[in-house]
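Input: a single structure, listed below in structure tokens.
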Amino acid sequence: MEILPTRKERKTLMKKYKIITYGCLANYSDSERIEKKLKDKGYLASENPDLVIINICSIRQSAVDRAFAQAKKYKKVIVTGCLLDSDRDKFAKYAKIVKKEDCLKTKITHSCLVPIMTGCNNFCSYCVVPYTRGREYSRPQEEVIKETKSFIKNGAKEIWLLGQNVNSYKYDFPKLLKNINSIPGDFWIRFLSSHPKDMSRELIKSVKELPKVTEYINLAVQSGDNEILKKMNRKYTIEEYKKLALKIKKEIPNVCLSTDVIVGFPGETKNAFKNTLKLFKEIEFDMAYISKYSPRPGTLASKMDNQISFEEKTKRYNELNDLLKKISLKRNKQLVGQNTRVLINKNSIGKTREYKTIKVEGASDNSFVDVEITKALIWGLEGKIK
Ligand code: SAM
Ligand code: SF4
Ligand code: F3S
């Protein structure tokens with residue numbers, strides 16, 4: 001006899017969802033947590049959804065525009081995430097807006113995103129995060145450790161500890177790293193981001209000494225010019241930044257240092273931009289996330305004089321990107337012949353401890369493999385299983 005679905009089951013069968021995420025890992029972490037909740041309620045992932053959730057990012061206007069185009073496309077849309085008050089009405093015409101719950105529970109994959117803090121108190125003059133995510137809030141150590149332990153028990157191989165500035169974690173970030181490092185199991189610990197003004201000696205020591213903490217540090221510089229840094233309210237000088245970056249490189253052998261940088265900040269003269277190029281040549285970053293300055297409503301920088309034209313920003317972006325490509329290739333070439341451990345994600349592509357992308361033919365998904373690096377590319381490496 002065929003058993004027909006009950007009314008309740010039929011209703012459940014109809015519920016199909018799609019989540020569209022923009023922005024940083026913090027937003028991806030929130031999306032995973034939202035997805036878990038939907039699945040628990042019987043929703044099914046689908047490309048032909050009844051309900052679309054758009055988790056938006058307001059860091060640059062381009063991200064807001066892309067999210068808006070998506071919101072208009074679907075019938076039933078919920079918008080959540082980092083939304084500026086000034087964009088609420090625009091989205092409200094097409095979507096229901098809900099505030100996201102930070103720090104919910106997440107699903108298990110081999111790479112787990114664990115927010116340890118959210119929000120920001122720094123108020124860099126160009127940035128919306130203090131407005132969209134509010135002031136800093138740190139999760140208690142016990143909660144973070146408990147969640148991490150359950151991920152590891154369920155097979156996680158990589159734990160990302162996330163925060164806008166992990167060094168402002170209220171309950172001692174190096175101690176948290178030490179505690180997570182001592183959880184038994186074969187896994188890596190990564191973290192993002194660290195503000196240069198708060199980068200402590202203890203943290204450098206932790207990366208150097210704790211075996212599960214990987215040698216990847218993102219240290220956003222934003223500009224190579226002191227006058228611009230001051231206008232950005234970054235609270236460090238370029239001399240201080242350089243000293244710190246060189247110390248990290250000296251203390252942690254093989255470290256991969258990446259940075260975030262903005263080109264075309266208001267008042268950035270040709271000379272100021274040259275100072276950014278100079279910094280890149282001196283520090284030789286392995287990777288850099290370059291952004292063209294995007295004026296954000298409500299921020300101090302959006303009201304500053306001497307806004308730079310889009311064409312000039314694009315020119316500076318291209319020039320810096322070309323330099324980065326040369327440096328990145330040079331740094332990658334230095335790694336050829338070395339042996340390394342790789343965590344494969346899927347399709348034979350994975351990451352080294354230093355977060356370099358590497359292709360390893362024949363490696364299985366979600367696994368650690370020992371590899372010899374055979375080839376250097378601009379944005380990554382190739383290797384063979386040892
Ligand atoms: N808290 C991190 C820090 O200060 O190191 C940065 C996090 S922010 C979400 C990511 C990056 O977006 C920044 O480092 C910055 O380079 C870029 N960004 C932020 N506001 C921007 C703006 N208005 N225009 C262009 N890029 C921006
Ligand atoms: Fe934005 Fe980072 Fe500055 Fe906070 S520290 S305001 S998140 S750029
Ligand atoms: Fe991240 Fe964008 Fe919000 S970068 S914190 S999702 S504004």
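Against the conditions (1) touching a Leu at 6+ places or on another chain (Cβ under 7 Å); (2) surrounded by fewer than 21 Cβ atoms within 10 Å (Cβ to Cβ); (3) of a type in the set (A, V, I, L, M), where does VAL221 fall short? Just the number, please.
It fails just one condition, (2).
For the range 239-259, give me the residue count where each residue is among the aliphatic types (A, V, I, L, M), part of a helix (DSSP H, G or I) and buried (at least 22 other Cβ atoms within 10 Å of the Cβ).
Summing the residues that are among the aliphatic types (A, V, I, L, M), part of a helix (DSSP H, G or I) and buried (at least 22 other Cβ atoms within 10 Å of the Cβ) in the range 239-259 gives 1.
Just one of ALA26, ALA67 is outside any loop (DSSP other than H, G, I, E, B), modelled with pLDDT of 90 or more and touching a Pro at 6+ places or on another chain (Cβ under 7 Å); which is it?
That would be ALA26, the only listed residue that is outside any loop (DSSP other than H, G, I, E, B), modelled with pLDDT of 90 or more and touching a Pro at 6+ places or on another chain (Cβ under 7 Å).
Condition first: over 21 Å from GLN61 (Cα atoms) and either open to solvent by less than 20 Å² (accessible area, probe 1.4 Å) or assigned to a strand (DSSP E or B) (or both). Now tell me which residues in the range 278-295 satisfy that.
LEU279, PHE280, ILE283, PHE285, ASP286, MET287
I'm trying to understand the selection: among the residues of the range 339-360, which are open to solvent by 70 Å² or more (accessible area, probe 1.4 Å) and modelled with pLDDT of 95 or more?
Matches in the range 339-360: ASN339, ARG341, LYS359.
If you go through the range 137-151 one residue at a time, do you hit one that is closer than 26 Å to PRO297 by Cβ, under 20 Å from the mean Cα position of the chain (by Cα), modelled with pLDDT under 95 and open to solvent by 40 Å² or more (accessible area, probe 1.4 Å)?
No.
Would you call PRO266 modelled with pLDDT under 95 and not assigned by TED's automatic domain parsing to the domain that holds ILE116?
no
Please list, ordered by first then second residue, the pairs with beta carbon atoms under 6 Å, 6 or more apart or interchain, first in the range 367-382 and within 27 Å of GLY185 (Cα to Cα), second of a type in the set (Gly, Ala, Ser) and at pLDDT 95 or above.
VAL371/GLY383; GLU372/GLY383; ILE373/GLY383
Tally time: how many residues in the range 137-165 are within 12 Å of ligand 3 (Cβ to nearest atom) and not aliphatic (A, V, I, L, M)?
Adding up the residues that qualify gives 3.
Has the range 207-215 got at least one residue that is away from ligand 1 (no atom under 12 Å from the Cβ), modelled with pLDDT under 95, closer than 15 Å to GLU251 by Cα and surrounded by fewer than 15 Cβ atoms within 10 Å (Cβ to Cβ)?
No - not one qualifying residue is present in the range 207-215.
Is there a residue being assigned to a loop (DSSP other than H, G, I, E, B) and open to solvent by 60 Å² or more (accessible area, probe 1.4 Å) anywhere in the range 316-331?
No, the range 316-331 contains no residue that is assigned to a loop (DSSP other than H, G, I, E, B) and open to solvent by 60 Å² or more (accessible area, probe 1.4 Å).
Do we have ILE204 as more than 16 Å from ligand 2 (Cβ to nearest atom), more than 23 Å from SER31 (Cβ to Cβ) and surrounded by 17 or more Cβ atoms within 10 Å (Cβ to Cβ) here?
So ILE204 fits the description; yes.
Hey, can you tell me all the residues within the range 370-386 that are surrounded by fewer than 20 Cβ atoms within 10 Å (Cβ to Cβ), modelled with pLDDT of 95 or more and over 22 Å from the mean Cα position of the chain (by Cα)?
Across the range 370-386, the qualifying residues are ASP370, GLU372, THR374, LYS375, ALA376, LEU377, GLU382, LYS384, ILE385.
Out of the range 29-64, which residues are more than 16 Å from ligand 1 (Cβ to nearest atom), open to solvent by less than 20 Å² (accessible area, probe 1.4 Å), part of a strand (DSSP E or B) and not β-branched (Val, Ile, Thr)?
LEU51, the sole residue that qualifies.
Given ILE108, ILE78, which one is at pLDDT below 95, surrounded by fewer than 21 Cβ atoms within 10 Å (Cβ to Cβ), away from ligand 3 (no atom under 15 Å from the Cβ) and not in a loop (DSSP other than H, G, I, E, B)?
Among ILE108, ILE78, only ILE78 is at pLDDT below 95, surrounded by fewer than 21 Cβ atoms within 10 Å (Cβ to Cβ), away from ligand 3 (no atom under 15 Å from the Cβ) and not in a loop (DSSP other than H, G, I, E, B).
May I ask you to say which residue of GLU382, GLU354, GLU372 is in a loop (DSSP other than H, G, I, E, B), among the acidic types (Asp, Glu) and in contact with a strand residue (DSSP E or B) (Cβ under 8 Å, 6 or more places away or on another chain)?
GLU354
The values are calculated or read from the model by the stated rules, or taken from the named source; none is laboratory data. The structure displayed is predicted, hence computed values, not measured ones. We place every Cβ from the backbone using ideal geometry, glycine too, and count neighbours over all the protein chains shown. Heavy atoms of the whole protein, side chains included, go into the accessibility calculation; ligands, DNA and RNA do not. Shrake-Rupley method; radii C 1.70, N 1.55, O 1.52, S 1.80 Å.
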